[in-house]
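The values are calculated or read from the model by the stated rules, or taken from the named source; none is laboratory data. Keep in mind that what you see is a predicted model, and the values were worked out from it rather than measured. Here Cβ is always computed from backbone atoms with ideal geometry, including for glycine, and neighbour counts include all displayed protein chains.
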Amino acid sequence: MTTRSNQVAIVTGAGSGLGRAIARTLLDADFRVALAGRRVDPLVETAGSRPNSLVVQADVTKADEVSALFDRVVDEWGRVDVLVNNAGTFGPTGTIDEIDPAAWADTVAVNLTGSFLCAAAAFRVMKAQSPRGGRIINNGSISAQVPRPGSAAYTATKHAITGLTKSLSLDGRAFDIACGQIDIGNAATEMTSGFATGARQADGSVRQEPTFDAAHAAEAVLYMASLPLAANVQFLTITATTMPFIGRG
């Protein structure tokens, strides 16, 4: 793996959950990390007193704010080596006829369009910088492989992230830009807190599901981020060992 003391990373959705765990893990590994999110206070809490952090308020659904985020990081540190596309929302639940079209659009805007806008900005910077290139890590979810009941909006966006990952991997080859995806199942965060009490299964029952420490998912992202650009983890799946994923349904 490469030395990362001078490497620059951007983590979106860094104010809570997996984003906070990933950002802190990269900071503790001596990355210089820009923490992006819509609310400043949680980002400041994530950063703590770490001198290698930069807090940038940015809404990933807004192209001008994403461009300003990347410009701020380049002004501060001169380059971008890693983008972690983490910002996301679970969105509305229910059968598709019960989903409010506005809530569907909001989910697509955050989970898919936000990742697109950040990846496009990363390509712009990574193609032009010297040394050229960098790495994009997309947070997929095991819903990028199999859905939960009543999650059409979230599942559709996460399946789309897999397509985006593949396209970025292919298009990035000419510019030394690598792209991989991590699919995480039941890491213990605010979003998954309800799983410990009960989650709806494919057969309609509600059952308690195991979770695992989000730090393990963050360490997996660190491994992906620390590889030389000649190597890439294309897809990595990390779950609670006994969660109903393999053989789900």
(request) Report, by residue number, each residue of region 199-234 that is assigned to a strand (DSSP E or B) and surrounded by fewer than 17 Cβ atoms within 10 Å (Cβ to Cβ). (result) ARG200, VAL206, ARG207, ASP213
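Here's the yes/no breakdown for (1) surrounded by fewer than 21 Cβ atoms within 10 Å (Cβ to Cβ); (2) of a type outside the set (Val, Ile, Thr):
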residue	(1), (2)
GLN7	no, yes
THR12	no, no
GLY15	no, yes
VAL33	no, no
ARG38	yes, yes
LEU43	no, yes
(message) Condition first: surrounded by 19 or more Cβ atoms within 10 Å (Cβ to Cβ) and either modelled with pLDDT under 95 or not in a helix (DSSP H, G or I) (or both). Now tell me which residues in region 112-146 satisfy that.
(response) GLY134, ARG135, ILE136, ILE137, ASN138, ASN139, GLY140, SER141, ILE142, SER143, ALA144
(request) Sort out which residues of region 1-42 are under 12 Å from LEU69 (Cβ atoms) and not basic (Lys, Arg), and write them in order of number. (result) ILE10, VAL11, THR12, ALA14, ALA34, LEU35, ALA36, GLY37
(request) Please go through region 92-108 and pick out each residue that is outside any loop (DSSP other than H, G, I, E, B) and more than 21 Å from CYS179 (Cα to Cα). (result) GLY94, ILE96, ASP97, GLU98, PRO101, ALA102, ALA103, TRP104, ALA105, ASP106, THR107
(message) I'm trying to understand the selection: among the residues of region 63-79, which are under 16 Å from VAL110 (Cα atoms) and without any contact (Cβ under 8 Å) to a residue 24 or more places away in the chain?
(response) ASP64, GLU65
(request) Being over 14 Å from the mean Cα position of the chain (by Cα), assigned to a helix (DSSP H, G or I) and buried (at least 19 other Cβ atoms within 10 Å of the Cβ) narrows it down to one of GLY163, GLY172, so name that one. (result) GLY172
(request) Pick out, from region 1-91, the helices (runs of 4 or more DSSP H) lying fully within it that include 1 or more residues that are at positive phi. (result) 17-28
(request) Go through region 80-111 and count every residue that is touching a residue at least 60 places away in the same chain (Cβ under 8 Å), of a type in the set (A, V, I, L, M, F, W, C) and buried (at least 18 other Cβ atoms within 10 Å of the Cβ). (result) 5
